[in-house]
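S.K.: Would you mind keeping the following structure in view while I ask a few things?
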Amino acid sequence: MDRIALEGGTPLHGDIPVSGAKNSAIKLMAASLLTSEPVRLTNMPRLADTRLLGRLLQRFGTSITESIGDDGQETLLHTPEITSAFAPYDLVRQMRASFNVLGPLLARTGHAKVSLPGGCTIGARPVDLHLKALEALGAHIDMHEGYVFAQAPRGLKGAEIEFPFVSVGATEHALMAATLAHGTTVFHNAACEPEIVDLAECLNAMGAKVSGAGTPTITVEGVAALKGTDWSVICDRIEAGTYALAAAMAGGEVRLTKVRPELIGILLDKMRQAGCEITTGDNTVTIKRGPGRLKAVDITTEVYPGFATDLQAQFMALMTLADGESTVRETIFENRFMHVPELSRLGASIAVQTGGEAKVTGVDELRGAQVMATDLRASACLIIAGLAAKGETIVNRVYHLDRGFENLEGKLSACGAKIRRIKGDTPVEEIDE
């Protein structure tokens, strides 16, 4: 497995372009199954997750063409006919979001067989809300041998659906299915994330009739068919936040480009409270940090527009060097402190409490060590910590990183970071600058 090696202590200076959002791109790719016409997605990230979903879509009859256009990387998806509505375990288990092909397949063909996605390292993320929403839309659901068998031979029907708690995945999944349902569907307690707005607006460009996306109540008037479209993927707010925190951790001055500052507003507010100088433009965010220590700041993860759980680990890394004690409260996932032991290997002082809370006491310095990435965001957290740690840090199992960050080491290197990828099983002691 590849590893990332960092030599900490070098301030960052330069521009970092933010890629298209992974969490939007994969749902937009799934939405292309809803039409027989071509869908062109621009500003597309090239990630392990998008490649994996592409392989799954090809099983259903989707042709995929990648190219470079005026808006960066493009992906053209065309499914003139669904040749198979079967999503096997070997592919679905590798990425939970691939389960969201169930709704589009069911809406377009009236049937689908999709593997349950299995477990997740950061906690339980059950799909029961997804299935209950599809059942409310008139689908008949059977489950056996680890597969979901869904049927709606006469099509889906509009319904009133109230989610018992906010779920991004269930909202996106049911939204896609409802676009081709007969009649009107109203979702209550829907998730409000920008990626849901991006999906809804793309569906509307395809001929859907979706209103209220970005609020807790979304209304969908079903249509008979959708058409193709060209759509630019929204910027990745998690990638933007990660690089903003990397700049604050390492020091220096970094400008993020191709970003929407309002999507990470609460993070930028917290960074200002910590002592960072933040300047925003129409599509830019500039982060500047002087030589002094940062201040400890508390955070609590919440659904959007609250502090994103996907930035919790990265912000905790920043707080390890802050002056004072900060409290990090995780309310979304129950197992999302697995990065704490690895940060401790670098010299961080963190005490995990009961009830999803961690106390971070800032230390004078971190020191490089070998660490192990446990999930995607933990990988980014350890990279950020390594940028500031004295000596060399080796981050193992970075295949997690490749799922959600495009050319991370290249973007950081362009700003002066001493970072490199170690391929395969090459012994660390054989790697020289």
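The values are calculated or read from the model by the stated rules, or taken from the named source; none is laboratory data. Computed from a predicted structure; not experimentally measured. Because the Cβ atoms are built from the backbone with ideal geometry, glycine has one as well, and the counts that use them run over all protein chains shown.
S.K.: Select from the range 372-395 the residues that are among the hydrophobic types (A, V, I, L, M, F, W, C) and not in a strand (DSSP E or B) and list them in ascending order.
M.R.: Matches in the range 372-395: A373, L376, A378, A380, C381, L382, I383, I384, A385, L387, A388, A389.
S.K.: Are any residues in the range 72-96 in a loop (DSSP other than H, G, I, E, B) and surrounded by fewer than 17 Cβ atoms within 10 Å (Cβ to Cβ), and if so, which ones?
M.R.: Selection gives P80, E81, T83, S84, P88, R93.
S.K.: Identify all residues within the range 167-186 that are more than 23 Å from the chain's Cα centre (by Cα) and in contact (Cβ under 8 Å) with a residue 40 or more places away in the chain; write none if there are none.
M.R.: Listed by number, the residues that qualify are A178, T179, L180, A181, H182, T185.
S.K.: Which one of L106, L102, L134, L116 is crowded, with 17+ Cβ neighbours inside 10 Å and either under 25 Å from H339 (Cβ atoms) or modelled with pLDDT under 95 (or both)?
M.R.: Within the list L106, L102, L134, L116, the selection yields L116.
S.K.: Given (1) buried (at least 24 other Cβ atoms within 10 Å of the Cβ); (2) in contact with a Gly (Cβ under 8 Å, 6 or more places away or on another chain), identify the lone condition not met by P38.
M.R.: (1)
S.K.: So, of the residues in the range 396-411 that are among the hydrophobic types (A, V, I, L, M, F, W, C) and part of a helix (DSSP H, G or I), which turns out to be nearest to the chain's Cα centre (by Cα)?
M.R.: Applying the filter and picking the extreme gives L401.
S.K.: Of the residues in the range 178-200, how many are over 14 Å from A159 (Cβ atoms) and assigned to a loop (DSSP other than H, G, I, E, B)?
M.R.: Here the count works out to 4.
S.K.: Does V210 qualify as being in contact (Cβ under 8 Å) with a residue 40 or more places away in the chain, farther than 23 Å from T280 by Cβ and assigned to a strand (DSSP E or B)?
M.R.: no
S.K.: Select from the range 188-218 the residues that are over 23 Å from L263 (Cα atoms) and surrounded by 16 or more Cβ atoms within 10 Å (Cβ to Cβ) and write down the one among them that is farthest from the chain's Cα centre (by Cα).
M.R.: Looking at residues that are over 23 Å from L263 (Cα atoms) and surrounded by 16 or more Cβ atoms within 10 Å (Cβ to Cβ), I get G207.
S.K.: Just to confirm my filter: which strands (runs of 3 or more DSSP E) fall fully inside the range 215-320 and include at least 2 residues that are farther than 20 Å from G20 by Cβ and of a type outside the set (K, R)?
M.R.: Per the criteria, 217-221, 252-257, 277-280, 284-289.
S.K.: Among all residue pairs at least 6 apart or on different chains, which show Cβ distances below 8 Å where the first residue, located in the range 130-154, is among the aromatic types (F, W, Y) and the second is part of a loop (DSSP other than H, G, I, E, B)?
M.R.: Between residues of the range 130-154 that are among the aromatic types (F, W, Y) and residues that are part of a loop (DSSP other than H, G, I, E, B), the close pairs are Y147/L116.
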